[in-house]
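Down below is the structure, laid out as structure tokens.
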Amino acid sequence: LKTISIAIDGPSGAGKSTLAKSVSKTLGYLYVDTGAIYRTIGYAAFSKGVDPKDGEAAAALLPELEIGLHYGEDGLQHMTLNGADVTDQIRLPEISLYASAVSAHPAVRAHLLEMQRKLARENNVVMDGRDIGTVVLPDATVKIFLTASVEERAMRRFRELEQRGTPESYEKVLEEMRQRDYNDSHRAAAPLKQAEDAVLLDTTELDFRQSEEAILRIIRERT
Ligand code: C5P
């Protein structure tokens, strides 16, 4: 029995997680947020005082980490680190840059590959990330590359942080967004890039509902 997998890749703040979550609910598929897994490692580095840019130090940390991914009664993906629920902590803005830095190391990426593939083997999934269509699930049923202008993505993240009660200035959010774009697309290991067989969807001019409809249309045409 073959499972169906929808790979959604793209830069930070393109709306991947919100859209993937909503689309997975409509389709009755499992939503897998792979960024949360990298964030969990970023959080581990942060809390242990490890320099996330140091590949050897990050690799040395891996055997000590027990990373758990499970779905709560709320249907949402929860992350645990050595048994402790870190779902909220990994969303802190400073963890974003830690996650981006640790995710550049090949040892970190290799460590997480099987965990992601297993989820897609055992479930119908909507999986979002940076390298799902290119590396993790090269045979995904449908691949979507979701993007929007960096200014629009920074504006969305700015509003989200404000709503969450952890506001930052727009300039700072934009600067961090640019830095993450650069890190994610210039690293040697699994850089962010559109898979050749992915459908490009630019949501700069689309609101949430329009983006969601566009994604569902792309999926329905191909499944
Ligand atoms: O998607 P999110 O912003 O939560 O991801 C945090 C960081 O994890 C990203 O900036 C990116 O560097 C990294 N990441 C990755 N590959 C993935 C998902 C996330 O390198 N598949």
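For LYS2, the lysines whose Cα comes closer than 23 Å to its Cα, not counting residues fewer than 8 places off in the same chain, are LYS21, LYS25, LYS118, LYS143. Here's how it looks for TYR31: its modeled amide H is under 5 Å from those of VAL126, which are all 5 or more places away or on a different chain. Classified by the C-alpha gyration tensor, region 118-216 has a prolate form. Its axis ratio a/c, with a ≥ b ≥ c, is 1.5 or above, and a/b is larger than b/c. In terms of its C-alpha gyration tensor, region 177-223 comes out oblate, because a/c is 1.5 or above while a/b does not outweigh b/c.
Could you pull out every whole DSSP H run in the chain that spans at least 18 Å of Cα extent along its own axis and averages -0.5 or higher on the Kyte-Doolittle scale? Don't jump to the answer; show the numbers that get you there.
Values: long enough: 34-47 (20 Å, 0.51); 106-122 (25 Å, -0.58); 150-163 (20 Å, -1.50); 170-186 (24 Å, -2.01); 208-222 (22 Å, -0.73).
TM-like helix candidates: 34-47.
Among residues other than ALA45 with Cβ under 13 Å from its Cβ, the summed charge is -2 (Lys and Arg +1, Asp and Glu -1).
Neighbours of ALA195, meaning other residues whose beta-carbon lies under 12 angstrom from its beta-carbon, give a summed charge of -2 when Lys and Arg score +1 and Asp and Glu score -1. A Stokes-Einstein calculation at 10 °C with viscosity 1.306 mPa s, built on the Kirkwood radius of region 45-168 over Cα pairs, returns a diffusion coefficient of 96 µm²/s.
What does the C-alpha gyration tensor say about the overall shape of region 1-87? Classify as rounded when a/c is under 1.5, otherwise prolate if a/b is larger than b/c, or oblate. Judged from the Cα gyration tensor, region 1-87 comes out prolate (a/c at least 1.5, a/b above b/c). Per residue, the average separation of C-alpha pairs within less than 8 Å and at least 6 apart gives the chain a relative contact order of 32 percent.
In nm², what is the average projected area of the convex hull enclosing the Cα atoms of the chain? The partial results should precede the final answer.
Working: hull surface 47.6 nm².
For the chain, averaging the hull's shadow over all directions gives 11.9 nm².
Over all other residues within a Cβ to Cβ distance under 14 Å of THR166, the charged ones net out to -1, with Lys and Arg as +1 and Asp and Glu as -1.
Bear in mind that the values in this text are calculations on the coordinates, not laboratory data. The shown structure was predicted, so the numbers you read here are calculated from the model rather than taken from an experiment. Glycine also receives a Cβ, built like all others from the backbone with ideal geometry; neighbour counts cover every protein chain displayed.
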